[in-house]
Amino acid sequence: MATATSTATSVAAALLLSLLLARARGDDDYSGFVYAGCSQGRYASGTQYASDVDSVLTSVANSAPYSPYANFTSPTSNSVVGVYQCRSDLPASVCTGCVRSAISRLSSLCAWATGGAVQLRACFVRYGNDTFLGKQDTAVLFKKCGGSPGDAGGAAMRDSALGALVAAAAPAGGGYRAGGSGGVQAMSQCVGDLGAKACSDCVSAAAGQLKAGCGYATAGEVYLGKCYARFWGNGGGGFSSGAAGDAYGSGHRVSGNRFVLAVAGGFFTSLAYIFVLM
Ligand SMILES: *[C@@H]1O[C@H](CO)[C@@H](O)[C@H](O)[C@H]1NC(C)=O
Ligand SMILES: *[C@@H]1O[C@H](CO)[C@@H](O)[C@H](O)[C@H]1NC(C)=O
């Protein structure tokens, strides 16, 4: 397990390295994989539950061109719920492609799991029969800090950029917030089932994680159950371009290998979900 975990960590680091480099070049890979989790509970093919999962995920895919967020509930007693949330500042075409890709990841990573969630760079999709809709969830699911070593001045700008996210007015139709301070940019995105106050609380928890856990790192991102936040240097004030440097080492190629590990806390363990890193 220790070996599997450290291998998974280095693969995750290599993955993040490539993501940070992609973003530094300004061509974020919108369908890039961040994390996934699947319930341990299973359903059988050909059952009503199977057709309920199909039906909510089909509704999710069909809705993505029209809205950055929606939820769907199967009309049967299984009460399978599906939700998706796209980064609401991006065009509908990006959302549509990302959600399709997320559903295809779910069907391969979480095949026959009664519940599953996947986060890609530009969208999040979750389904299951547990009652997660409309509930706050600030459990930390994935967190990375990196970039070239910064300094106290940069960390102060980061704190201020993250503070701007928390203070941002309740966004109309989306839950995306952006903020900046000096050489640091930040963004956050809530899942649309949270109200404005719950979204602010979630972003505040995410910002707290980044402030407390990223030291003088010049880039970082944290994904909680119902929101995520990222910050990166844009080249000024002691923060470099946001490209990951020595912090992650180099030379690991992200392959098709899949690593599975359990994380402490959060809906993955509380509902016996298994966390998947690729
Ligand atoms: C979810 O569905 C699974 C499979 O049908 C079932 O075993 C489980 O009890 C259900 N959970 C809830 C909360 O209804
Ligand atoms: C779920 O979707 C319905 C129908 O669009 C909507 O009225 C409701 O507000 C949504 N619930 C949440 C918690 O987002």
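Just so you know, all these numbers are worked out from the coordinates, no wet-lab data involved. None of the values given here were measured: they were computed from a predicted structure. Glycine gets a Cβ as well: all are built from the backbone with ideal geometry, and neighbour counts include every protein chain shown.
Work out how much length Ser93 to Thr131 would gain on full extension: take 0.36 nm times their residue separation and subtract the Cα-Cα distance, in nm to one decimal.
Numbers: separation 38, 0.36 × 38 = 13.68 nm, distance 2.98 nm.
Full-extension gain reported as 10.7 nm.
When you restrict to C-alpha pairs under 8 Å that are six or more residues apart and normalise by the size of the stretch 140-244, the relative contact order lands at 38 percent. Whole-Hz Karplus values for the stretch 84-94 come out as 9, 9, 9, 4, 7, 8, 9, x, 4, 5, 5 Hz, taken residue by residue from phi with 6.51 cos²θ - 1.76 cosθ + 1.60 and θ = phi - 60°; glycine and proline positions read x. Under a point spin-label approximation (7 Å from Cα along Cα-to-Cβ), what is the Lys211-Ala169 distance to one decimal in nm? Going by the 7 Å Cα→Cβ label model, 2.4 nm. Computed from label points 7 Å out along Cα-Cβ, the spacing between Thr73 and Thr47 is 2.1 nm.
If I take R0 = 35 Å and measure r between the Cβ atoms of Ala196 and Ser104 in this structure, what FRET efficiency does the formula 1/(1 + (r/R0)^6) give, to the nearest 0.05? Present the calculation step by step, with values, prior to reporting the outcome.
On the way: r = 32 Å, r/R0 = 0.92.
For Ala196 and Ser104, the calculated efficiency is 0.60.
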